Amino acid sequence: MSDLLDDPREGANEPEFTVSEISSAVKRTIEGTFDHVRIRGEVGRVVHARSGHLYFDIKDDRSVLGCTAWKGQVARLTVMPEEGMEIIATGRLTTFPGQSKYQMNVQDVAVAGEGALMAMLDKRKKKLAAEGLFDLDRKQEIPFLPEVIGVVTSPTGAVIRDILHRLRDRFPRKVLIWPVAVQGERCAPEVSRAIEGFNAFTLGGALPRPDLIIVARGGGSIEDLWGFNEESVARAAAASQIPLISAVGHETDTTLIDFASDHRAPTPTAAAERAVPVRAELLARSEETESRRINAMRAALNYRGEKLRDLSRALPRKDALLGQSQQRLDLASARLPSALTARVNLCRSSLSHASGALRPSLLARSLQGHKIRLDDRAERLLPLLQRRTRTAVDDLAKTATRFENITLSPQIERRKSDLAALLARFSHAGKVQQMQQRNKLEALDRLRLTLGYKATLERGYAVVRAPDGSVITRQKEAKNHALFAIEFADGTLDLGAKRSVKEQKSSNSSEQGSLF
């Protein structure tokens, strides 16, 4: 009873809330109060989730505010937050009940002031330079006279008209225009895709692949040119396999694409001037070179002609070279008749002297002496031959005696078998060689038949022969003969009849008259 009469505890009749109810109430309060805010601060930690969402912090010297940007919002951001960048974020405050924290859902990001933009640009520049994208050794040579030029710019601005006009004045070339937005949030992705698209063209395809790319835009503020400072544009320019000229802004404007390109032109007009030479200057230079070449050839010919004339003057005259030889020839020709006469007389005297010594009595005495010597040698030769014969007979008898006790039958049999084997080999070799020679003879005979005129006769031709067997190949020769023998493939046919000599002469005379 005492418990029922006790006073209730202080505050025991206040309503109770769940955690979710408190979180929802706080969420409604914060989102209703701060549904659209702009916050300025420095970007801290930045996390790109695999889902495409972006998480980062904005901080000042005392506080930190967590920020989120969902995947669809990230694609619409004109400036991508980077650590250390000072930005102005636009969005609304919300809460995350799972961790009892509040955060900002960011819908747009802008750089806070030109100084922050320059700081971010300097940071990007150092990062890309450290990767080697701005190295001079990776830059390509600009072609002297490209056949096709690709231009990445706005199709409606004055830039494309200036480029086309300058190209038309200097050296007309084929131009492919890739229209892009040159400022705003669409600028960077469209320029990157244009550069990559030109590089994706196939050589020899329906649409020609450019030999040179020009990325051009007129002047403007740093915010207007910011699309060409994006990292994606600089990387696309550095990765281009086609030489690239950047002409963004005026001469004092510098963007990241200028460092990544192969050549930086101060203006779009200067880019067109760098792309092609002046056709009139090339023609004038060509004519000047041709004139110099002709003059050089003339000078060289004149120099060599003068040198040849100098050398010819130093050479001796023809008369001086041949005079002494001609004089010796004249003297020799003058002495030749008397020398020939003296030689003939000397030979005649020697012949007379030799013929005087050849008397019949001397020849008879010489023959008699030779006959005596021959008879003497014949008398001595007979006993010598008899002695040598007896010696040979004795030696043969001794040899026969040694062979009487030797049995020759096994040796004879062995020799017979060897001889039979050898004869068999000779017989086989003879047959093989005979067969080879027969095949060769048959091949030669077939070749003879193929190359001979008989094969030609088989194809429908004929040979016309004269009575003496000679072949008649001209109509004029045929008119001189009244009798022909035409040889076909299967026989010979005689045509015509013999004419008298008088008829033949009259025929020849008439033919000769007709020729005149």
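The values are calculated or read from the model by the stated rules, or taken from the named source; none is laboratory data. Here the structure is a predicted model, which is why all the values come from computation and not from measurement. Cβ atoms come from the backbone with ideal geometry, glycine included; neighbour counts cover every protein chain shown. Just so you know, the surface numbers come from the protein's heavy atoms only, side chains and all, with ligands and any DNA or RNA stripped out. Shrake-Rupley method; radii C 1.70, N 1.55, O 1.52, S 1.80 Å.
A few comments on the model shown:
- On inspection, Arg499 passes the criterion of being modelled with pLDDT under 70, charged (D, E, K, R) and surrounded by 11 or more Cβ atoms within 10 Å (Cβ to Cβ).
Every residue, every condition in (1) crowded, with 17+ Cβ neighbours inside 10 Å; (2) under 21 Å from Ala112 (Cα atoms); (3) out of contact with any Pro (no Cβ under 9 Å at 6 or more places or on another chain); (4) in contact (Cβ under 8 Å) with a residue 40 or more places away in the chain, yes or no:
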{"site": "Val26", "(1), (2), (3), (4)": "no, no, no, yes"}
{"site": "Ile30", "(1), (2), (3), (4)": "no, no, yes, yes"}
{"site": "Asp35", "(1), (2), (3), (4)": "no, no, yes, yes"}
{"site": "Val46", "(1), (2), (3), (4)": "no, yes, no, no"}
{"site": "Gly52", "(1), (2), (3), (4)": "no, no, yes, no"}
{"site": "Tyr55", "(1), (2), (3), (4)": "no, yes, yes, no"}
{"site": "Cys67", "(1), (2), (3), (4)": "yes, yes, no, no"}
{"site": "Gly72", "(1), (2), (3), (4)": "no, no, yes, no"}
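- Selection status of Ile149, outside any helix (DSSP H, G or I), under 21 Å from Ser232 (Cα atoms) and touching a strand residue (DSSP E or B) at 6+ places or on another chain (Cβ under 6 Å): no
- Any hit, region 87-101, residues being over 26 Å from Arg186 (Cβ atoms), at pLDDT below 90 and either within 57 Å of the chain's Cα centre (by Cα) or among the charged types (D, E, K, R) (or both): yes
- Criterion applied to Val37, Val43 was being modelled with pLDDT under 90 and of a type in the set (A, V, I, L, M, F, W, C), and the one residue passing it is Val43.
- Flag if Gln183 is in a loop (DSSP other than H, G, I, E, B) and within 16 Å of Arg264 (Cα to Cα): no
- Looking only at region 78-100, and only at residues there that are of a type in the set (Ser, Thr, Tyr) and outside any strand (DSSP E or B), the one that is surrounded by the fewest Cβ atoms within 10 Å (Cβ to Cβ): Ser100
- Among residues of region 444-495, those that are among the polar types (S, T, N, Q) and under 56 Å from the mean Cα position of the chain (by Cα), counted: 3
- Test: Phe198 is closer than 24 Å to Val43 by Cα and either assigned to a helix (DSSP H, G or I) or in contact with a Cys (Cβ under 8 Å, 6 or more places away or on another chain) (or both): no
- Residue ID - modelled with the highest pLDDT, chosen from residues in region 463-491 that are outside any loop (DSSP other than H, G, I, E, B) and of a type in the set (D, E, K, R): Arg465
Each row is one residue, and each column tells you yes or no for (1) part of a helix (DSSP H, G or I); (2) modelled with pLDDT of 85 or more; (3) open to solvent by 80 Å² or more (accessible area, probe 1.4 Å).
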site	(1), (2), (3)
Leu362	yes, no, no
Ser366	yes, no, no
Gly369	yes, no, no
Arg373	yes, yes, yes
Asp376	yes, no, no
Leu381	yes, no, yes
Arg388	yes, yes, yes
Val393	yes, yes, yes
Leu396	yes, yes, yes
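Residue by residue, here is whether (1) within 20 Å of Asp262 (Cα to Cα); (2) among the hydrophobic types (A, V, I, L, M, F, W, C); (3) touching a strand residue (DSSP E or B) at 6+ places or on another chain (Cβ under 9 Å); (4) surrounded by 13 or more Cβ atoms within 10 Å (Cβ to Cβ) holds:
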| site | (1), (2), (3), (4) |
| --- | --- |
| Gln103 | no, no, yes, yes |
| Ala110 | no, yes, yes, yes |
| Leu117 | no, yes, yes, yes |
| Leu128 | yes, yes, no, yes |
| Ile142 | yes, yes, yes, yes |
| Ala158 | no, yes, no, no |
| Leu176 | yes, yes, yes, yes |
| Ala194 | yes, yes, yes, yes |
